[in-house]
Amino acid sequence: MAGHRPFRFAAVVRQTDSAKAWAERARLLEDSGFSALLVPDHFIGPRFAPLPAMAAAAAATTTLRVGTLVLSNDYRHPVALAKEAATLDVLSDGRLDLGLGTGWLRQDYDRSGVAFDPPKVRFERFQEAVRILKGLWGEGPFSFRGQYYRIDELDQEPRPVRRPHPRLLFPGGGPRMLRFAAAEADSINFALQVKADGSGPDQRDGGLAAFLKKIDIVREAAGERFDRIELGTSVQQLGVGVKKEEWSYANTSQQSETPQVLVGGLDEIVEKLRYWRDEHGLSYFVLHNDKDLDAFIPVVAALAGT
């Protein structure tokens, strides 16, 4: 690996009680050294719609990037998303980090009436959508003939500020997505594979060996572009200042040896993240739940930008 990327941090924020509270949350992240505020994309549960929430966060800040972890391709036609994302990138002065995935949570589909197709179909449709997004963000009219989408000589404006397109983040669970992300994404967020029935993450994919295998798959598939891909993951469990033997989740979780579980003293956690950056190339860490924000801020202060 050619040198080390500086550390970058983000936090997933789902919802607040008011516009004022949302803006204050965004400014707190910015002032605390976070690179980005990310919004998830699900129909169920208390959470804002991603794109309006991202626009509000961008309007309340000056340097904070705004993004998604991640948008479900099946909930939006790529033509509509291309225009909305480009507009948001322009209105935020190029601060969009667009996370995209196939869609996976069965409850979202069942309760909304969106057809829950087999994983292969959802993945193929996602591949086509990525081609369309990049095509519409390019120069001149764009046409596309695929199995799932058809575009005819569409010349869409505005174009994104960041060229050739906004920073794209894909989740990295299964080998198929990892190889596609290695070829098409700017950032990869390593995660557990999800079950084919959409009921939740597949714990059989857990553990240190499986996590390291994902990195190897990306390295092999990416070839010469590997050093240009930002690698990272989500911090699912955080216990700053907690003894490991007192943290039952870390003692039982298969992920405790990975950077998805950070438990121990501040210095211990900082050294663990440095190890994963220096030895395995992971530099972008996302706090999965902003309820842990206050505890995570000292970690960000110690590492962001270094």
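Of TYR149, SER283, PHE48, whose Cα points farthest to the positive end of the dipole of the chain (charges on the beta-carbon: +1 Lys, Arg; -1 Asp, Glu; origin at the Cα centre)?
TYR149
Structure shown: which of LYS134/LYS195; LYS120/LYS214; LYS134/LYS213; LYS134/LYS291; LYS213/LYS272 lie over 24 Å apart, alpha-carbon to alpha-carbon?
LYS134/LYS195; LYS134/LYS213; LYS134/LYS291
For the stretch 21-144, rounded, prolate or oblate, judged on the Cα gyration tensor with a ≥ b ≥ c (square roots of eigenvalues), a/c < 1.5 rounded, else prolate if a/b > b/c?
In terms of gyration-tensor shape, oblate.
Taking square-rooted eigenvalues a ≥ b ≥ c of the alpha carbon gyration tensor, is the stretch 115-198 rounded, prolate or oblate, where a/c under 1.5 means rounded and, failing that, a/b exceeding b/c means prolate?
Taking the square roots of the gyration eigenvalues as a ≥ b ≥ c, the stretch 115-198 is oblate.
Run lengths n ≥ 4 of DSSP H only: what is the helix-derived mean residue ellipticity at 222 nm for the chain, with -39500 (n - 2.57) per run over all residues, to the nearest 500?
-12000 deg cm²/dmol
Dividing the convex hull volume of the Cα atoms of the stretch 8-303 by its residue count, what figure in Å³ per residue is obtained?
That works out to 130 Å³ per residue.
Contact order normalised by length for the chain, with contacts defined as Cα pairs under 8 Å and 6 or more residues apart; what percent is it?
Across the chain, relative contact order equals 19 percent.
Quick check on packing: order 297-304, 223-230, 71-78 by the mean number of other C-beta atoms within 10 Å, highest mean leading.
So the peptides 297-304, 223-230, 71-78, ranked by packing, come out 71-78, 297-304, 223-230.
Which lysines, on any chain, are close to LYS20 with Cα under 17 Å apart, when same-chain ones fewer than 8 places away are left out?
none
To the nearest 10 degrees, how steeply does helix 119-136 sit against the main Cα axis of the chain, on a 0 to 90 scale?
The helix 119-136 is inclined about 70 degrees to the chain.
Name the residues whose placed amide hydrogens come within less than 5 Å of the amide hydrogen of THR102, ignoring near sequence neighbours (fewer than 5 apart) on the same chain.
Under 5 Å from the amide H of THR102 lie the amide H atoms of ASN73, each far enough along the sequence or on another chain.
Of the beta bridges DSSP finds with both residues in the chain, what % are antiparallel, to the nearest 5?
Around 10 percent antiparallel, to the nearest 5.
Could you give the angle, 0 to 90 degrees to the nearest 10, between helix 293-303's Cα long axis and the longest principal axis of the Cα atoms of the chain?
Value to nearest ten degrees: 90.
Measure nothing but the geometry: give the 0 to 90° angle between the long axis through the Cα atoms of 19-31 and the longest principal axis through the Cα atoms of the chain, rounded to 10°.
Roughly 60 degrees between the two axes.
How would you rank 151-162, 84-95, highest first, on the average number of other Cβ atoms within 10 Å across their residues?
Highest to lowest by the protection proxy: 84-95, 151-162.
None of the figures in this text is laboratory data; all of them are computed from the coordinates on show. Since the structure is predicted, the reported quantities are computational estimates derived from the model, not experimental observations. With ideal geometry, Cβ positions are generated from the backbone for all residues, glycine too; neighbour counts draw on all protein chains shown.
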